[in-house]
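The values are calculated or read from the model by the stated rules, or taken from the named source; none is laboratory data. A quick note: this is a predicted structure, and the numbers were derived from the prediction, not measured. Methodologically, a virtual Cβ is constructed for each residue, glycine included, from the backbone with ideal geometry; neighbour enumeration extends over all protein chains shown. Each accessible area value is taken on the protein alone, full model and side chains, heavy atoms only, with ligands, DNA and RNA left out. Shrake-Rupley method; radii C 1.70, N 1.55, O 1.52, S 1.80 Å.
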Amino acid sequence: MLYNHDLEASLLGSLLLSPELLPQLGFVSPADFHLPDHERIYAKMLQLHAEQVPVEALNLKSEAAISYLVELQGLVATSANTVPYAKQVRALSVRRKLGEIAGELGHRVAGEESLQDLVGWAERSILSATATMGPTDGAVSAAALAMAAYQQAERFAESGGAMLGRSTGLRSLDEVTDGLTDTDLVVIAARPGMGKSALASQLALKAAEEGSALLFSLEMSKEQMAIRMLSQRSGVHGNSIARGKMTPDEWQRLARASGWLSERRLWVDENGGHSIDS
């Protein structure tokens, strides 16, 4: 069964006992309740709490009879299970939504929609349905934030001005960004033909020196990207490599660069048509 009205009632009863727990249930929306009466009661609870009005039976009588609200409150003796109840209500709601997505997908696969669009729709729908499955672990108190910021300042001081992130291999860029960190999203933007791909491959090579990197090349083939990387590593002009017209010294430099590159944890994906979804 994809719903449990008794469970929903127990959650509402727990909240009537301890409405101060409402802020902990940000992962539950009114639409997660299967019974329309329960959906309206929970929505009203959220409204009252937002307006700093007491969440009690008298203020909820516009959504349900006082006798039913009193009955809800009498279903539970403690609010200790409020969050577990909420998790179960949310889980059942997600199951219902996944069932709806599966039904819709069954209809859409028989149509003329492209496979890429179909997969993208399915991924977005499932991600949307399963978002916030439970209480967030990402919320951090002001006290913890203050301590983290202070400790970061100490690390800056102890580094003596040294860069804390990973080097990009370009000193001027490192001075602006303080290197690359795991939490950064860096967007390289410029007009066509200005060297965005060259910069991206340089960053990938530098990242692969100490760690690993995955480079998506939407315009250049993997062979073209490999030639560019070998050129950057060896200092041999890319045209010379592509044509095979090199001096003995350049061939040696190319061989050393090829050996170095083959030992790196670096992958190149040349498949076009990639999007945020795929």
Margin query: Quick check on Met225: is it of a type in the set (A, V, I, L, M, F, W, C) and not in a helix (DSSP H, G or I)?
Written below: no
Notebook entry, point to check: Of the residues Ala139, Ala110, which single one is at pLDDT 90 or above and open to solvent by 50 Å² or more (accessible area, probe 1.4 Å)?
Noted result: Ala110
Check: Is the range 10-26 home to any residue that is part of a helix (DSSP H, G or I), in contact with an Asp or Glu (Cβ under 8 Å, 6 or more places away or on another chain) and under 19 Å from Arg96 (Cβ atoms)?
Finding: no
Item checked: Long-range neighbours under 6 Å by Cβ, at least six apart or interchain, first residue at positive phi and at pLDDT below 80 within the range 177-204, second open to solvent by less than 80 Å² (accessible area, probe 1.4 Å) and not in a loop (DSSP other than H, G, I, E, B) -> none
Next item on the list: Working carefully through the options Ala64, Ala77, find the one that is outside any helix (DSSP H, G or I) and open to solvent by 80 Å² or more (accessible area, probe 1.4 Å).
Entry: Ala77
Next item on the list: Scan the range 234-253 residue by residue and report those that are outside any helix (DSSP H, G or I) and either open to solvent by less than 50 Å² (accessible area, probe 1.4 Å) or under 26 Å from Arg265 (Cβ atoms) (or both).
Entry: Gly235, Val236, Gly244, Met246
Check: Filtering the range 30-48 down to residues that are open to solvent by 40 Å² or more (accessible area, probe 1.4 Å) and touching a residue at least 40 places away in the same chain (Cβ under 8 Å), which residue is nearest to the chain's Cα centre (by Cα)?
Finding: Ala31
Notebook entry, point to check: Just one of Ala255, Ala208, Ala242 is more than 30 Å from Ala122 (Cβ to Cβ) and touching a helix residue (DSSP H, G or I) at 6+ places or on another chain (Cβ under 8 Å); which is it?
Noted result: Ala242
Note to self: Exactly one of these conditions fails for Ser231: (1) open to solvent by less than 30 Å² (accessible area, probe 1.4 Å); (2) assigned to a loop (DSSP other than H, G, I, E, B); (3) without any contact (Cβ under 8 Å) to a residue 12 or more places away in the chain. Give me its number.
What the structure shows: (2)
Checklist line | Failed item, numbered, when Glu51 is tested on (1) surrounded by 15 or more Cβ atoms within 10 Å (Cβ to Cβ); (2) over 14 Å from Arg90 (Cα atoms); (3) without any contact (Cβ under 8 Å) to a residue 24 or more places away in the chain | finding: (1)
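Kindly establish whether Leu72 is over 31 Å from the mean Cα position of the chain (by Cα), closer than 13 Å to Ser10 by Cα and assigned to a helix (DSSP H, G or I). Talk me through it step by step, then tell me what you get.
Numbers: over 31 Å from the mean Cα position of the chain (by Cα): yes; closer than 13 Å to Ser10 by Cα: yes; assigned to a helix (DSSP H, G or I): yes.
It is true that Leu72 is over 31 Å from the mean Cα position of the chain (by Cα), closer than 13 Å to Ser10 by Cα and assigned to a helix (DSSP H, G or I).
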Next item on the list: Could you give me the residue pairs with C-beta distances under 7 Å whose first residue belongs to the range 1-20 and is open to solvent by less than 30 Å² (accessible area, probe 1.4 Å), whose second residue is polar (S, T, N, Q) and part of a loop (DSSP other than H, G, I, E, B) wherever it lies, and which are 6+ apart or on separate chains?
Entry: Ser14/Ser79; Ser14/Asn81; Ser18/Ser79
